[in-house]
1. So if I check each of 7, 34, which one is acidic (Asp, Glu), closer than 27 Å to residue 261 by Cα and in contact (Cβ under 8 Å) with a residue 24 or more places away in the chain?
2. Quick check on this structure: which one of 35, 116, 129 is of a type in the set (Val, Ile, Thr), surrounded by fewer than 20 Cβ atoms within 10 Å (Cβ to Cβ) and at pLDDT below 90?
3. Among 273, 290, which is touching a residue at least 60 places away in the same chain (Cβ under 8 Å), surrounded by fewer than 17 Cβ atoms within 10 Å (Cβ to Cβ), over 29 Å from residue 54 (Cα atoms) and over 13 Å from the mean Cα position of the chain (by Cα)?
4. Give all pairs with beta carbons closer than 7 Å in which a residue from region 156-167 that is modelled with pLDDT of 95 or more and β-branched (Val, Ile, Thr) meets a residue that is part of a helix (DSSP H, G or I) and surrounded by fewer than 21 Cβ atoms within 10 Å (Cβ to Cβ); count only pairs at least 6 apart in sequence or on separate chains.
5. Here is a check on your reading of the model: is residue 232 out of contact with any Gly (no Cβ under 7 Å at 6 or more places or on another chain), under 20 Å from residue 176 (Cα atoms) and surrounded by 15 or more Cβ atoms within 10 Å (Cβ to Cβ)?
6. Among the numbered criteria (1) surrounded by fewer than 17 Cβ atoms within 10 Å (Cβ to Cβ); (2) hydroxyl-bearing (Ser, Thr, Tyr); (3) within 27 Å of residue 272 (Cα to Cα), which single criterion is violated by residue 142?
7. Is it the case that residue 47 is at pLDDT 80 or above, surrounded by fewer than 19 Cβ atoms within 10 Å (Cβ to Cβ) and either aliphatic (A, V, I, L, M) or in a helix (DSSP H, G or I) (or both)?
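The values are calculated or read from the model by the stated rules, or taken from the named source; none is laboratory data. Here the structure is a predicted model, which means the values were calculated and not measured. Cβ atoms come from the backbone with ideal geometry, glycine included; neighbour counts cover every protein chain shown.
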Amino acid sequence: MQTTKLDILLYWLLNVTSAFLLSAAHNALFYVLDVRAIVTHFLHHLVTFVFLFVTCAPCISVKIEPETLKKALLPPFLTQIAVSLVSSRVHSGNRTGSLYLLRITDFIVTLVALKVSPRLLGPSVRNRVQWSIMIPVALSASLCWLEFGQIEYDTIGLLLTPILAVLQGLNIVFIRRSIRIFVSSSVHATFELFALYFSGTVAVGLALPAFVSYLQRNITYDASWESIDYTLMTLSILFMAAYKFSDLWLLGHVDLPVYLCLEHTKYFMASIGQWFIQNMAHATVYAAVGKLLFVTSSLRFWQSNDPLPKKQSH
């Protein structure tokens, strides 16, 4: 089935809404049950795997060669495990301001992805014009989160943050490459089957560290339970599957610069939301300028790019 602009818009809206709802659910899971980031990463992939296993039962019988599975799944599996482990150290939940530290290094994710993509995805994605368009988008998106009163970190977290950004950029490109390899390996190999295998293998890889983290929980007796907490934690299962699947779908069905711009747009909207939550208490002129520059640079980007994927040379 051919991808349309409406498909891209709907999946992106699903990704944005589920991400925003998950941010509230993660807060409830952390402050009420002391569930850390590594556990939520594990749950994201496990829930997605179960969802696909139930809804895509016919595709499970498709046989994929072990060599193809190894070639397609190993690189994104290793980088995804590394991303989850490092991000759980940088942004474990106890430092709410560490989110700002992650977001101001998002431009590194974009630069790494654009740099390594020509070698891994083919020369057709090499476009010098894209650099002149994407660099302002990435830098202004990161600048949107530069609020000194909110940034929290320790020495190890500060040193690991740029490493995490590099790993995220590599992971994005590896997943795109793996989807292409997997789908082209057989006429019966579909994107949904790749998502099933990928989410399942990552869930297995994260099972042990997530179990160890879960055993180390420290639930305080004065933790407050409210009806909204029950609702968020119950619905988080739905949010997790929607978020992870829509993210993988966008990775596999839109061009890399378009995917990166959509991600920056999501976080740009989140930065505005943070201003409302904080009643503008920590707003800085740097973040305000970043938001203004992002609007203008993203408009320039969409004037120069078609969201529909282009054919890649092999």
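1. On the way: 34 fails: closer than 27 Å to residue 261 by Cα.
7 is the lone residue from the list that is acidic (Asp, Glu), closer than 27 Å to residue 261 by Cα and in contact (Cβ under 8 Å) with a residue 24 or more places away in the chain.
2. 129
3. 273
4. Hits for this filter: 163/86; 166/108; 166/112.
5. Working: out of contact with any Gly (no Cβ under 7 Å at 6 or more places or on another chain): yes; under 20 Å from residue 176 (Cα atoms): no; surrounded by 15 or more Cβ atoms within 10 Å (Cβ to Cβ): yes.
Spelling it out, it is not the case that residue 232 is out of contact with any Gly (no Cβ under 7 Å at 6 or more places or on another chain), under 20 Å from residue 176 (Cα atoms) and surrounded by 15 or more Cβ atoms within 10 Å (Cβ to Cβ).
6. For residue 142, the exception is condition (1).
7. Numbers: at pLDDT 80 or above: yes; surrounded by fewer than 19 Cβ atoms within 10 Å (Cβ to Cβ): no; either aliphatic (A, V, I, L, M) or in a helix (DSSP H, G or I) (or both): yes.
No: the conditions fail for residue 47.
For every residue, the table says whether it meets (1) more than 18 Å from the chain's Cα centre (by Cα); (2) surrounded by fewer than 18 Cβ atoms within 10 Å (Cβ to Cβ).
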residue: 181; (1), (2): yes, yes
residue: 185; (1), (2): yes, yes
residue: 196; (1), (2): no, no
residue: 201; (1), (2): no, no
residue: 207; (1), (2): yes, yes
residue: 213; (1), (2): yes, no
residue: 217; (1), (2): yes, yes
